[in-house]
Structures are given as structure tokens and as C-alpha cells.
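Worksheet: the structure to be examined is printed underneath.
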Amino acid sequence: MSNSLNLLDHLLRDTTGPVRRVFEKSLEGRELDVADAEILLDVGGRDLQVLCVIADLARADDVGDDVSYVVNRNINFTNVCYVGCSFCGFSRHKHEEDAYDRSLDDVLARASEAWDLGASEVCIQGGIHPNKDGFWYRDMIRALKMALPDMHIHALSPEEIHFGHEKSGGMSLADYLTMLRDEGLGTVPGTAAEILDDDVRRILSPRKLMTARWIEIVRTAHEVGLRSSSTLMYGHIETSRQIATHMDLLRDLQKQTGGFTEFVPLGFIHHNTVLYREQGARAGASMPEDLKLVAVGRLFLRPWIKNIQVSWVKMGKKLSQVGLMSGANDFGGTLMEESISKAAGSEHGDHMDAPEIERLITEIGRSPYERTTTYARRQSPVQAEEADPSVLGPSARIPMGSMGSGY
Ligand code: SF4
């Protein structure tokens, strides 16, 4: 310990004045404010290196050295959407050639296949299809839960809940969410957040729910017992101040409800988007931004949100490993068929199996473990196979590439 204190003293000596004061405040266990976060989000050079070291120490104090991941499958039931977010490369008009709208049977088949492959969670989101009503989501969750009672359903972004609620024929928001919960909805992805600042939202997605409605929906979900993740999309037109204010909103809400399971910074994938091509956005998140979002997320949100996730889809394998050494403690999910980032131009693949995730975590000297959606430990498929080779482990399972052309 004294060695690490000496090392810290030495590192702090090399940092610039205002940044050092924020580091010292954090090391003393005092809560950072928006101005502090803004300073940290603007660091570079040696200050950035020290930020990553301090966030890594905070991570070790908060949650220890183990790194979690979840075996899950993404299912996007439709890419038809009328909202028109300018950062989205995924959505289609319903008459476009590659538009799709999966049937309930198709969604069920994908979820069943995921269960057979060892998944504990399906993450289900889709475009906002104008022909659906407020009860299609309910029917989908009901059908999934009847077929796969032990599968955790992590589904419906606040935008989808907003849409479903508006078309529910006058139900209160709490009643609508309670109905979904009672049918088997387990948790809610805290997506559709992008930047919780209406000036930014009016440029990115003028037809999407605004900040106050996002907070209302997530708060009400937490109040009826539906926990959620929390996210932030960076690397486009936002400022450091707007990122810091977004994190402050999340932390405030967490203090009130305790409903967030984790924070997931999501770098903007720019290639196939109007936001980049026509609206002057930066060309996606840089490496320093990726690391700063993880590290500042750790220092700003502690002790309220303990799990900081790296998105391997956005950051790639090696930078995700560096993120795990800069404040993160969760590797996210196996995904099996990620398609939203891929449609925007991400080149980091659409699935990663559990042994590969465990290999990447072990490679940086940390211990992997499989978790549930809400961060309980689950015996990993790798461990199950090692304990009993007759168990159908991941190496014996169907490789994803042979799942048929529809996948
Ligand atoms: S981000 Fe979601 S809501 Fe926005 S256009 Fe894409 S699919 Fe639609």
C-alpha cells in the first residue's frame, strides 16, 4: 500500500494544477461535481495516463479485480423506424428492400436458440414501427416468458416504452410499466439516452423523447421494480460540459432510486450516418475519449453506480482491455447478433463467445466470471464444461457461423 501511495505521490507531482486538485479530491473520497468532471474530460498526455491509473485504483476499491460478462443474445425485431435519428445507420423505411419486421415466432426461435447456446439473457430492442400498437411489446414478452420462463428479458428502450405508452389508450405510465413487468419484463436497457441535453437532442433526434421524458420513464421503471442500465453516446457534437451534466443526471437519479445496474459509455460509430456526413459531427470517438469516458465514469459515479462496462462492439478487443485497466469492471455480453453498431459501420464483429471473453480478461491478469443481468454470479459455461465434460459447454456448441443465413 505504501508503495502505491509513493507511486501516486510521484504521479500526481507530474500532473497540471487544476487536474491535480480534482485527483486529490477524488482520492480523498469526496464526490466530484460537474466542473470537476469537465476538467477530467478535457485532460490529455500525462494527465490522461494518471487519470486511468487513479480510476483503476478506484475500480479495485469499489468492486475488486474480477471482471464480469453476460452470456446474452441481441434480438432486433424490426429495423423499420420513423423517428429518424441522424446518428443511426440501422433504421429503414418499411418499403426499403432490406427492411424487416420479425414475427413473434421468429423472435421466439432466436430466443430459444440462445437458450440452447447457454444464454441467460435476451436483449430485445427494435425500431419504432408505426404499425405496432402499445400491446405488441406486451404480447412479445408474454410469448417469450411462456416459452422460456427462466430466460431474463432485458428489453424495450425508454423510446419504445414512450411509444408503447402513448399508444396504450390512456394507461398511466406506472400501470403500463407494471403490466410489462407482470408479463415477464426483467430489466430495461437505459438506451435512447445519447446525450441528455435537449439542445443536442434537437439536432440528433428532434422526434425522439426529450430529456425530461427519458428521466420520467426510467424513474418510473425503477419505482415499479424494473432496474435498468444507463448509457451515454459520445464522440459526435457534444461538449465535455454536456457529458458531465448527463452523468450528473444519472447520478442524481441513482441516488433517488438505486435502479441502475451499470453505466455503459457508447462511442459514436460515424461511418454510415447523416450526423457525420451532413451535420458536422466528429468522426466518432477517439482512443483518449474512449478511455476518459470509462475513467471519468468510474470516478464521477462512485459509489452510486459500481459497474462500469466497456463496449467491445464500439472499442474493439484491445482497447476494451485497456478500458478494463482504466476503471471498468464489466465486459458486456456475448451478443450473438449485434446489428445496430454494425449497420453504422463498426468493424468489431457482432458476437464474441464466452471462452474468447474469458481469454481477453485473463490476458490482462484479471479473473473473469459470468454474471446475470443484475450482476449475480452464474456458473460460466467454461467452468461447467471443465467441471463436467459431459455438460454441453461452449466448445461443443454450435458455432455461430453455422446458425443459418438469417443470422
Ligand atoms: S436510433 Fe432507434 S429510434 Fe432512432 S432512428 Fe434508429 S432505430 Fe429509430
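Read-outs: derived from the displayed coordinates by stated rules, not from any lab. Worth saying up front: this structure is predicted, and the values here are computed from it rather than measured. With ideal geometry, Cβ positions are generated from the backbone for all residues, glycine too; neighbour counts draw on all protein chains shown.
Here's the picture: charge each Lys and Arg Cβ at +1 and each Asp and Glu Cβ at -1 in region 2-62, and of V34, L57, G45 the one pushed furthest to the positive end of that dipole is G45. Fully extending the segment from W115 to D133 would add 3.7 nm, taking 0.36 nm per residue of separation and subtracting the current Cα-Cα distance. With K and R counted +1 and D and E -1, the other residues having a Cβ less than 11 Å from that of M315 yield a net charge of +1. Translational diffusion of region 244-351 was estimated from the Stokes-Einstein equation, with Rh taken as the Kirkwood radius over Cα pairs; at 4 °C and 1.567 mPa s the coefficient is 88 µm²/s.
Considering only G134, G45, G29, the mean-square fluctuation computed in a Gaussian network model of the chain, springs between alpha carbons under 10 angstrom, is largest for G45. Annotation for D105 and E278: the two label points, set 7 Å from Cα along the Cα-Cβ direction, are 3.9 nm apart.
For D42 and D182 in the same chain, what is the full-extension length gain: residue separation times 0.36 nm, less their Cα-Cα distance, in nm?
Fully extending the segment from D42 to D182 adds 45.9 nm.
Lysine pair count for the chain (Cα-Cα distance under 15 Å; residues 8 or more apart in sequence or on different chains): 5. In terms of surrounding Cβ atoms within a 10 Å radius of their Cβ, R181, R21 rank from fewest to most as R21, R181.
Among E356, E238, which comes first, second and so on when ranked by fewest other beta-carbon atoms within 10 Å?
E356, E238
Considering the dipole of the chain built from charges on the beta carbon (Lys and Arg +1, Asp and Glu -1) around the Cα centre, which of A143, V19, L104 is farthest to its positive end? Of the candidates, V19 comes out farthest on the positive side. Of the three principal axes defined by the Cα atoms of region 2-62, the extents in descending order read 31, 24, 15 Å. Residue order for M287, M336, fewest other beta carbons within 10 angstrom first, comes to M287, M336. Of the residues E337, E278, E159, the one that moves most in a GNM of the chain with alpha-carbon contacts below 10 Å is E278.
Computed across region 68-396, the Kirkwood hydrodynamic radius from all distinct Cα-Cα pairs reaches 20.0 Å. For the chain, the antiparallel share of DSSP beta bridges with both residues in that region comes to about 10%. Let me know the charge dipole size of region 2-62 about its Cα centre in debye, to the nearest 20, where only the beta-carbon of Lys, Arg (+1) and Asp, Glu (-1) is charged. So the dipole magnitude of region 2-62 works out to roughly 220 debye.
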